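Please read the structure below before turning to the comments.
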Amino acid sequence: MRHLLAFAPLLACVPELDVDLSRVDAPRVLAVRAEPAEAVPGEPVALTALYVDGGGTLVDGPLEWAFCAARRPLAELGPVHRACLERDAAAILSLGTGLSVTAPAPEDGCRLFGPEPPPAIGDQPAGRPVDPDITGGYYQPLRIFAGDEDADLTLYQLRITCGLAGANQEQSAEYRARARPNRAPAIVVVERDGEALPPGEAVHVAPGGELPLKLVWETCPEEPECGDGLCTLDEAADSCPGDCGGPIGCGGAETYLRFDPSALALVTAREAVRVAWFATGGSFAAARTGRSPAEREASSDNVWTAPDAPGEHTLWFVVRDDRGAADWRELTVRVE
């Protein structure tokens, strides 16, 4: 089955189908984590897949990773060029196999998929630069084959750091000085009835019983504050060395800078955070939850209902921001 990860801005309207999106009963890539979450073209990025099946998380797998270097023609439908769906196309840049790979992000990412003028192909005139998404971002396509069948395909978009399209020199300089790369959301704790569940420990639920869950991620400041331990928008090593001596960004709903092409101005925005819930059995009250940019709560609630028969099940919680980054947590549940 083909899966699309990190294409949420393109899939805002999805028709209702009689399909349980949260049920895992076959091998499947649920999420991809990139470190760093926003890559600089030409610099290394570590990619890790959450690969699972009906028995739980898989510790090994024949995942074939590759970047795609083919621009999608404007007249072609779909999120990526058709060549990205092939195993041996000339535009495929193989990265290796396994649950994790590390490789440089393609150096021409901002030319092929960003705001820089793309190269001409053959006798054709050069195309136009790619428009940013609603968060002002650009993305390098990545594909993962998880089996021998062509349908065993997962598509992912790696956010890449590029310049601004339509901005003047002063705005571009201001953006480079103030903006900070995206950081993946970080799950802090999973709670049951207000009590933290220790990582790695199984929880017990009666057959047919309910398991109320709360997923909590980091709380991010809306305004930069030197001394809060977070290197966020408008903070730098020279102005706030205590905060910016370590990781940049915040693992929650970050406030970030983008260029508004309609207003021709730099504006600040706040991330939405979405949660996808998965399980090998039972059912969730909702397959997808989350928080909009206007909501300030750094948590999301759901209820899992156990099946009537005793047994052991695995639950996964995948949290994503709307700039393409992800984190996840796993929980073992014994129904008895």
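The values are calculated or read from the model by the stated rules, or taken from the named source; none is laboratory data. No experiment lies behind these values; they were computed from the predicted model shown. Here the Cβ positions follow ideal geometry from the backbone for every residue, glycine too, while neighbour counts run over all protein chains shown. Heads up: the accessible areas ignore ligands, DNA and RNA and are worked out on the full protein's heavy atoms, side chains in. Shrake-Rupley method; radii C 1.70, N 1.55, O 1.52, S 1.80 Å.
Some notes on this structure:
- Unique residue being in contact (Cβ under 8 Å) with a residue 40 or more places away in the chain, within 27 Å of the chain's Cα centre (by Cα) and open to solvent by 60 Å² or more (accessible area, probe 1.4 Å) when the list is Pro212, Pro199, Pro181, Pro185: Pro199
- When the residues of region 255-299 are filtered to those that are assigned to a strand (DSSP E or B) and in contact with a helix residue (DSSP H, G or I) (Cβ under 9 Å, 6 or more places away or on another chain), the one that is surrounded by the fewest Cβ atoms within 10 Å (Cβ to Cβ) is Ala265.
- Selection within region 50-102 - open to solvent by 60 Å² or more (accessible area, probe 1.4 Å), part of a strand (DSSP E or B), under 12 Å from Arg143 (Cβ atoms) and not small (Gly, Ala, Ser): Glu64, Leu93
- Considering (1) crowded, with 20+ Cβ neighbours inside 10 Å; (2) part of a strand (DSSP E or B), the lone condition that Glu235 does not fulfil carries the number (2).
- Considered as a group, the residues in region 81-102 that are among the charged types (D, E, K, R) and at pLDDT below 85 include one that is farthest from Asp152 (Cα to Cα), and that residue is Asp88.
- Answer residue from region 300-327, given it is of a type outside the set (Lys, Arg), farther than 20 Å from Gly209 by Cα and in a strand (DSSP E or B) and is nearest to the chain's Cα centre (by Cα) among those: Ala326
- Among the residues making up region 215-232, a single one is open to solvent by 50 Å² or more (accessible area, probe 1.4 Å) and among the polar types (S, T, N, Q): Thr219.
- Selected residue (criterion: least open to solvent (accessible area, probe 1.4 Å)) from residues of region 125-165 that are in a loop (DSSP other than H, G, I, E, B) and β-branched (Val, Ile, Thr): Thr135
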